[in-house]
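J.: Sharing a structure below in structure tokens format, with a few things to ask.
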Amino acid sequence: METTKEGLFLTLEGIDGCGKSTQAGRLASWLRERDPRRPVLWTREPGGWPGGADFRERILRGQWEHPWSEVFLFLADRCEHVLREILPALARGEQVLCERYHDSTLAYQSFGRGLPLEALRRFSRDCRFPLPHRTLLLDLPVEDALRRLQQREGAADRLEGEGRPFLERVRRGFLCLAEAEPERYAVVDARGDEEQVFARLCRAVEERTLP
Ligand SMILES: Nc1ncnc2c1ncn2[C@@H]1O[C@H](COP(=O)(O)OP(=O)(O)OP(=O)(O)O)[C@@H](O)[C@H]1O
Ligand SMILES: Cc1cn([C@H]2C[C@H](O)[C@@H](COP(=O)(O)O)O2)c(=O)[nH]c1=O
């Protein structure tokens with residue numbers, strides 16, 4: 001994967017229930033105010049492209065028995081998302097804030113499901129997915145995340161229903177990826193109230209010189 005020379009590409013990662021969606025809207029507004037000349041594309045995976053909402057439902061609610069089926073669906077979703085949304089926005093010099101991306105595939109499908117990390121990395125290289133400039137990892141103990149998910153309205157999707165040991169592996173996976181790439185990753189403590197977490201996220205963006 002290569003870093004794009006245009007625009008600013010930020011991703012927000014973490015286990016289910018860590019607070020990504022809650023923080024993403026606030027972060028998008030903050031990015032807009034910080035640099036009003038550069039519009040912000042706030043998007044997410046899976047499904048952040050025209051027609052992607054149905055595809056998202058198929059991925060998250062379908063019954064996929066072969067472990068690679070899930071990978072190929074997430075990758076197909078990313079191919080469309082990158083080509084139709086992310087690359088054009090970056091080429092226009094915009095700021096892209098994406099909830100979940102390549103690192104979710106590594107954390108969930110490799111550390112969570114046990115598929116080989118190198119094969120997943122190779123797909124991303126071969127698909128020429130751009131590398132984020134900064135990946136903000138909202139790190140939360142699984143117990144806290146499960147408590148937050150229980151309080152949230154709406155039925156759990158297939159991956160949210162995987163249970164505690166799965167989410168523990170995914171959390172460890174994210175932390176392991178972050179340790180291997182400290183120049184790209186910022187690990188942000190997601191405990192505490194929304195304001196506290198938001199302040200930490202802003203600091204994590206500001207502590208680096210970004211394009
Ligand atoms: N700092 C916080 N303290 C307490 N509750 C929070 C906090 N941040 C978010 N929540 C609540 O926790 C629940 C999960 O938050 P949110 O949907 O933002 O997480 P998420 O990471 O986007 O989850 P998912 O990946 O499953 O979509 C929501 O009900 C939200 O209101
Ligand atoms: C991109 C991507 C996502 N997932 C999983 C992670 C979550 O359980 C769901 C997405 O739901 P959210 O409410 O948007 O967090 O999909 C995955 O397993 N692999 C991926 O590449």
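Throughout, read-outs are computed from the coordinates displayed, never taken from laboratory work. Computed from a prediction, not measured in an experiment: that's the story for all the values here. Neighbour counts are summed over all protein chains in view; Cβ atoms, including those assigned to glycine, are modelled from backbone coordinates with ideal geometry.
J.: Of 174, 93, 28, which is farthest along the charge dipole of the stretch 8-207 in the positive direction, counting Lys and Arg as +1 and Asp and Glu as -1 at C-beta?
T.: 93
J.: Tabulate in residue order the Karplus-calculated ³J(HN,Hα) for the stretch 175-185, using 6.51 cos²θ - 1.76 cosθ + 1.60 with θ = phi - 60°, rounded to whole Hz; enter x for Gly and Pro.
T.: Karplus-based 3J(HN,Hα) across the stretch 175-185 equals 5, 5, 4, 5, 5, 6, 9, x, 6, 9, 7 Hz.
J.: When averaged across all projection directions, what area in nm² does the alpha-carbon convex hull of the chain cover? Walk me through the numbers on the way to the answer.
T.: Numbers: hull surface 43.7 nm².
Here the figure is 10.9 nm², rounded to one decimal.
J.: Measure off 7 Å from each Cα along the Cα-to-Cβ vector at residue 2 and residue 199, then give the distance between these two points in nanometres to one decimal.
T.: Placing both labels 7 Å beyond Cα along the Cβ direction yields 4.2 nm.
J.: Using a simple charge model, +1 on the beta-carbon of Lys and Arg, -1 on the beta-carbon of Asp and Glu, nothing else, what dipole does the chain show about its Cα centre, in debye to the nearest 20?
T.: Here the chain has a charge dipole of around 320 debye.
J.: A further question follows. What is the percent of Cα-Cα separations in the stretch 85-205 that go past 22 Å? Mind dumping the intermediate values first?
T.: On the way: 3091 of 7260 pairs.
Percent of Cα pairs beyond 22 Å in the stretch 85-205: 43.
J.: Sticking with this one: Per residue of the stretch 114-122, what does 6.51 cos²θ - 1.76 cosθ + 1.60 with θ = phi - 60° give for ³J(HN,Hα)? Whole Hz please, x for Gly and Pro, Karplus curve as stated.
T.: Rounded to whole hertz, the list is x, 7, x, 4, 5, 5, 5, 5, 5.
J.: Right, something else. Non-local amide H neighbours of residue 96 (under 5 Å, H modeled in plane, Pro and chain starts lacking H): which ones?
T.: Amide H neighbours of residue 96, under 5 Å, 5+ apart: 8, 9, 10, 41.
J.: With springs only between Cα atoms under 10 Å, which of 135, 22, 105 fluctuates most in a Gaussian network model of the chain?
T.: With Cα springs under 10 Å in the chain, the top fluctuation among 135, 22, 105 is at 22.
J.: Mind checking the full-extension length gain between residue 29 and residue 207? Use 0.36 nm per residue of separation minus the Cα-Cα distance, one decimal, nm. It would help to have the intermediate numbers written out before the result.
T.: Working: separation 178, 0.36 × 178 = 64.08 nm, distance 1.84 nm.
So the chain would gain 62.2 nm between residue 29 and residue 207.
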